[in-house]
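S.K.: Have a look at this one.
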Amino acid sequence: ILGLAMTADADPRRGRRGAVAEAATAPQLPTAVSSAISSTFPGATVGEFEEDSEDGVSLYIVSLSNGAEVEVTASGVVIVASYGTSMGQIPAAAAKALQQAGAGAALDEVKRSEIHAELFDGGKVVKLPQPRTEYAATFKKGGQLGEISVKADGSVAVFRIEANATRM
């Protein structure tokens, strides 16, 4: 089992669900988070969001009108933007690697992720010079759940299996 980097961890199931931002009494995103979203995703509007923490770093997981789910630090660093996709919309080498990793299991939740920064143990956040794209899928087989993230060339970025799991 490989250790997980932040690259494939834009998971909407973590933490508690926030309120819709346009509600009059709803909490608002910090200015740094709103500014980062506006500059990185021009024209996209904020939907639901939640606040979370990883390795001591405050994060906001934000759903955008362009279909992205974005993870942004409270200080305004975009970590990752994930988009739902299908196997037919990803590079052939990436699709082949995802299917092989599933070893015959049905793949679920295929996503394309644009990684803008890495979050390391101890809370260190490092911006990448250029965003990198990875493709991820979850699969279930024989009571085990798996998650794999690959690069466009099919090389594995993250691979994780949980035995006797019902949900990752």
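S.K.: Cβ neighbours within 10 Å, averaged per peptide: list 113-124, 145-156 in order, most packed at the top.
M.R.: 145-156, 113-124
S.K.: Could you give the length gained on full extension between A103 and K141, defined as 0.36 nm per residue of separation minus the Cα-Cα distance, in nm?
M.R.: Gain on stretching A103 to K141: 12.8 nm.
S.K.: Over 23 Å, how big is the tail of the calculated P(r) for the stretch 49-168, in percent of all Cα pairs?
M.R.: More than 23 Å apart: 36 percent of the Cα pairs in the stretch 49-168.
S.K.: What is the packing order of peptides 92-100, 27-35, taking the mean over residues of other C-beta atoms within 10 Å and listing the highest first?
M.R.: Listed from highest to lowest mean packing, they are 92-100, 27-35.
S.K.: In the stretch 61-168, carbon and sulfur make up what percent of the accessible area (probe 1.4 Å)?
M.R.: Solvent-exposed carbon and sulfur of the stretch 61-168 make up 50 percent of the total.
S.K.: Continuing with this model, one more query. Using only Cα atoms, what Kirkwood radius does the stretch 37-79 have, in angstroms?
M.R.: 10.5 Å
S.K.: While we're on this one: Would you mind putting 126-138, 68-80 in packing order, based on average other-beta-carbon counts within 10 Å, highest first?
M.R.: Put in order of decreasing packing, that is 68-80, 126-138.
S.K.: To the nearest 0.05, what FRET efficiency results for V125 and F159 with a Förster distance of 35 Å applied to their C-beta separation?
M.R.: Once the sixth-power term is evaluated, E becomes 0.90.
S.K.: Now for a different question. Can you give the FRET efficiency for R132 and S75, using 1/(1 + (r/R0)^6), R0 = 30 Å, r = Cβ-Cβ distance, to the nearest 0.05?
M.R.: The formula returns an efficiency of 0.90 here.
S.K.: Do you know the Lys pair count in the stretch 19-149 for C-alpha distances under 27 Å, with sequence separation 8 or more or different chains?
M.R.: Number of lysine pairs found: 7.
The values are calculated or read from the model by the stated rules, or taken from the named source; none is laboratory data. Because the structure is predicted, anything quoted here is derived from the model rather than measured. As a convention, Cβ positions derive from the backbone with ideal geometry for all residues, glycine included, and neighbour counts pool all protein chains shown. Heavy atoms of the whole protein, side chains included, go into the accessibility calculation; ligands, DNA and RNA do not. Shrake-Rupley method; radii C 1.70, N 1.55, O 1.52, S 1.80 Å.
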